[in-house]
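Asker: Let me begin by handing over the structure; questions about it come next.
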Amino acid sequence: MSVLGFTTPAVSSTNHLYNTVATPSGVWRYLREGRMLWPVAWTIILGSVPGVLIGVVVRVRYLPDPRTFKGFVGLVLLWIAIRLVQNRRPGGGTTTSEDKVSSVQLEQITWRRIRYRFAGHLFGINTPALFSLSLAVGVVGGIYGIGGGALIAPILVGLFGLPVYTIAGAALASTCATSATGVIFYLAISPFAPGQAVAPDWGLGLLFGIGGAAGMYCGARLQRRVPARLIRGILALIVLLVATRYLAAYLWP
């Protein structure tokens with residue numbers, strides 16, 4: 001939106017296309033390292049996919065105006081930045097070298113709770129709460145075009161206190177699934193939105209996706225060598241700067 005001046009509803013569908021192409025490389029890397037929490041990933045997917053469908057309709061019908069959409073995006077990004085800096089890992093512990101090399105070991109999977117062990121610590125998450133939050137995240141992700149992972153990851157780290165090294169793979173897997181759903185649904189409703197650019201820009205989405213696939217593989221491989229606090233700090237700073245710019249453009253056009 002900022003660099004290319006691409007502000008129609010098609011920017012959301014194009015970003016979904018980018019996610020669909022880019023995320024599988026990162027998912028594969030986390031699988032190889034034994035850091036994929038499939039029960040968490042599937043719970044997020046089951047909740048966020050219906051939400052994405054709702055979000056697509058809201059984006060096309062109620063947020064086609066670039067200024068209104070930027071205001072919405074600014075609020076979403078501001079919330080993400082806040083959640084990134086408000087991490088409340090149980091016990092207030094810091095990331096250790098042991099955290100970076102451990103695999104994830106599932107301890108319990110029920111409809112009420114998922115428990116797993118990582119780096120000698122036991123972590124748990126309420127399944128119905130995760131499903132409900134994923135549904136809400138899916139709506140926002142469908143509107144914005146970012147899939148579910150970018151929003152659910154700060155929730156898992158900040159609200160549930162889960163280590164960032166254990167949830168990145170699940171977040172990426174959910175992003176891939178919800179983004180693919182978003183692309184299909186945007187294509188399906190594009191004939192019913194005359195006068196609006198709704199379908200993705202295939203050339204732009206694929207070009208971004210190819211670059212993103214290389215970047216996500218490298219990021220997944222390097223993540224275990226970078227302190228979690230540094231990762232959150234860099235992301236929070238970038239997201240906060242963009243959020244400030246979009247909110248300023250909305251409030252003072």
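Asker: Only Cα pairs under 8 Å and at least 6 apart count here; give the relative contact order of the range 111-253 as a rounded whole percent.
Answerer: 14 percent
Asker: Under 8 Å for C-alpha pairs, at least 6 residues apart: give me the relative contact order for the chain, rounded to a whole percent.
Answerer: Reported as a whole number, the value is 41 percent.
Asker: Let me ask another. At what distance in angstrom do the alpha carbon centres of the range 107-158 and the range 174-211 lie from each other?
Answerer: Between the Cα centre of the range 107-158 and that of the range 174-211, the gap is 25 Å.
Asker: From the list (i) 71, 41, 25; (ii) 103, 54, 35; (iii) 57, 34, 32, can you say which value of Cα extents along the principal axes in Å was derived from the structure given?
Answerer: It is the value labelled (iii).
Asker: Tell me which DSSP H helices of the chain clear both cut-offs, 18 Å or more of axial length from alpha-carbon atoms and a mean Kyte-Doolittle hydropathy of at least 1.0.
Answerer: Long hydrophobic helices here: 38-62, 66-85, 127-144, 164-189, 202-222, 228-251.
Asker: Per DSSP H run of at least 4 residues, take -39500 (n - 2.57); add these up for the chain, divide by its residues and hand me the 222 nm value, nearest 500 deg cm²/dmol.
Answerer: That comes out to -23000 deg cm²/dmol.
All of the numbers you see were taken from the coordinates with simple rules; none came from a lab. It should be emphasised that the depicted structure is a prediction, and the values quoted were computed from it without experimental measurement.
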